[in-house]
């Protein structure tokens with residue numbers, strides 16, 4: 001699909017690419033629509049002074065930040081955070097399978 005066939009839309013300075021053909025008025029946000037590296041940088045800037053702590057609590061904080069940055073649903077944000085984690089753009093420094101989330105370990109978001 002060429003650039004002439006795409007409609008570029010901007011949501012919080014992150015470019016969304018969406019086919020023009022009669023799509024819905026509200027654009028669903030999927031990992032394919034987002035510059036994930038730019039989203040990672042925005043998360044890094046958001047958590048500059050305090051990285052999210054704990055696997056579950058930190059992931060919830062990341063999801064809430066994505067909702068705020070992109071004005072998307074919590075479900076869309078969860079999908080994006082999962083994708084960032086799966087692609088290694090963000091990572092939890094502890095064992096995510098640990099029984100108790102003690103908030104001692106943090107998420108690594110890279111550098112802004």
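The values are calculated or read from the model by the stated rules, or taken from the named source; none is laboratory data. All figures in this text were calculated on a predicted structure; none of them were measured in a lab. A quick note on method: Cβ atoms are made from the backbone with ideal geometry, for glycine too, and the neighbour counts reach across all protein chains shown.
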*Out of all the residues in the range 56-75, is one or more at pLDDT 90 or above, over 19 Å from residue 31 (Cβ atoms) and surrounded by 18 or more Cβ atoms within 10 Å (Cβ to Cβ)?*
yes
*asked:* Which of the numbered conditions does residue 81 fail, given that it passes all the others? Conditions: (1) surrounded by fewer than 18 Cβ atoms within 10 Å (Cβ to Cβ); (2) in contact with a helix residue (DSSP H, G or I) (Cβ under 6 Å, 6 or more places away or on another chain); (3) farther than 14 Å from residue 53 by Cβ.
replied: (1)
*Tell me, yes or no, whether the range 93-108 has at least one residue that is more than 15 Å from residue 29 (Cβ to Cβ), outside any loop (DSSP other than H, G, I, E, B) and free of Cβ contacts under 8 Å to residues at least 12 places away in the same chain.*
no
*residue 29: at pLDDT 55 or above, in a helix (DSSP H, G or I) and farther than 20 Å from residue 93 by Cα, yes or no?*
no
*Could you please find all residues in the range 32-55 being within 11 Å of the chain's Cα centre (by Cα), in a helix (DSSP H, G or I) and surrounded by 15 or more Cβ atoms within 10 Å (Cβ to Cβ)?*
36, 39, 40, 41, 42, 43, 44
*Residue tally, condition under 12 Å from the mean Cα position of the chain (by Cα) and touching a residue at least 40 places away in the same chain (Cβ under 8 Å), over the range 58-72*: 6
